[in-house]
Amino acid sequence: MTKLEIVNMLYEKLGFSKRECAHIVDSFFEVIKGNLAKGENVKLSGFGNFVVKEKKARRGRNPQTGKEIEISERRVVNFRLSQVLKDEINNKSTK
Amino acid sequence: MNKMDVINKLGEDLKLNQKIAKIAVDTIIDTIKKAIIAEERVEIRGFGSFSLRHYKSYTGRNPKSGEVVNVEPKRLPYFKVGKELKDMIWKG
């Protein structure tokens with residue numbers, strides 16, 4: 001599935017033009033991206049949380065050459081699944 | 001930022017009323033959710049992709065009590081961050 005199917009779904013739900021729906025879907029991801037870029041987490045209840053993690057610099061190895069290299073400090077994003085969705089996927093009723 | 005904040009921001013940015021913005025956000029999330037559950041790979045360019053991964057059953061331990069427990073096979077979505085988002089976050 002790509003953005004196109006999401007746009008079509010929104011088109012059915014809202015009855016706006018496809019162009020407007022595409023704009024809404026794009027803006028939705030822009031909002032989330034912009035927030036994560038600021039280093040802030042985004043929590044979507046019933047779905048999961050996008051969590052920004054600070055990684056310290058560390059020494060690593062190029063697995064191909066075995067050469068030791070310095071891995072710079074960086075920020076990464078992790079997705080943490082909601083318990084509700086986890087249970088839904090595995091067909092368990094939620095407590 | 002939680003879902004309500006996303007709805008508010010989307011409404012502000014696009015000059016949509018709250019009700020419409022809420023339907024939009026719920027529909028987007030719900031559509032992605034259904035696709036994941038149906039084991040369909042979801043790919044959002046510039047953002048990332050979701051795919052379901054299968055895990056076999058294994059014998060684990062309750063870290064608190066040390067008790068041996070059998071962990072049932074399960075399916076969990078995996079999120080792979082897209083290049084654009086990765087770069088955005090990296091630089092901060």
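The values are calculated or read from the model by the stated rules, or taken from the named source; none is laboratory data. All values derive from a computational prediction rather than experimental measurement. Note that we place each Cβ from the backbone using ideal geometry, even for glycine, and neighbour counts take in every protein chain shown. For accessibility, only protein heavy atoms count, side chains too; no ligands or nucleic acids. Shrake-Rupley method; radii C 1.70, N 1.55, O 1.52, S 1.80 Å.
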key: Of the GluC sites (Glu not before Pro) in the stretch B:8-80, those whose Cβ has at most 15 other Cβ within 10 Å and which sit in DSSP loop   = B:Glu39, B:Glu40, B:Glu67
request  = Whole number please: convex hull volume per residue, Cα atoms of the protein assembly as shown, in Å³.
outcome  = 168
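Work out which helices of chain B, taken as complete DSSP H runs, extend at least 27 Å along their axis over the Cα atoms and score a mean Kyte-Doolittle of 0.5 or more, then list them.
B:18-37
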request  = Apply the Kirkwood formula to chain B: the hydrodynamic radius equals the inverse of the mean of 1/r over all pairs of different alpha-carbon atoms; give it in Å with one decimal.
outcome  = 16.3
key: Helical mean residue ellipticity (222 nm; -39500 (n - 2.57) per DSSP H run of 4+; nearest 500) of chain B   = -14500 deg cm²/dmol
0 to 90° range, to nearest 10: angle between helix A:18-37 axis and chain A longest Cα axis = 30
note = Gyration tensor on Cα atoms of chain A, a ≥ b ≥ c root eigenvalues, a/c under 1.5 rounded, else prolate if a/b beats b/c, else oblate, says prolate
inquiry  = Compute for the stretch B:1-45: radius of gyration divided by Kirkwood radius, i.e. Rg/Rh, restricted to C-alpha atoms, rounded to two decimals.
reply    = 1.07
message = Quick check: convex hull of the Cα atoms in the stretch B:41-92, volume per residue, rounded to a whole Å³?
response = 93
query = Given the options B:Ser49, B:Ser65, B:Ser57, which has the most mean-square fluctuation in a GNM of chain B, springs set between C-alpha atoms less than 10 angstrom apart?
reply = B:Ser65
query = Given springs between every Cα pair under 10 Å in a Gaussian network model of chain A, which of A:Ala37, A:Ala57, A:Ala22 has the largest fluctuation?
reply = A:Ala57
key: Distance violations [Cα-Cα > 32 Å] among B:Lys9/B:Lys56; A:Lys55/B:Lys19; A:Lys18/B:Lys80; B:Lys9/B:Lys74; B:Lys15/B:Lys74; A:Lys38/B:Lys56   = B:Lys9/B:Lys56; A:Lys55/B:Lys19; B:Lys9/B:Lys74; B:Lys15/B:Lys74; A:Lys38/B:Lys56
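Chain A: longest stretch without exposed GluC sites (Glu not before Pro) (DSSP loop, at most 15 other Cβ within 10 Å), sites themselves excluded?
A:1-39
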inquiry  = Tell me the total accessible area that A and B bury against each other, 1.4 angstrom probe, in square angstrom rounded to 100.
reply    = 4100
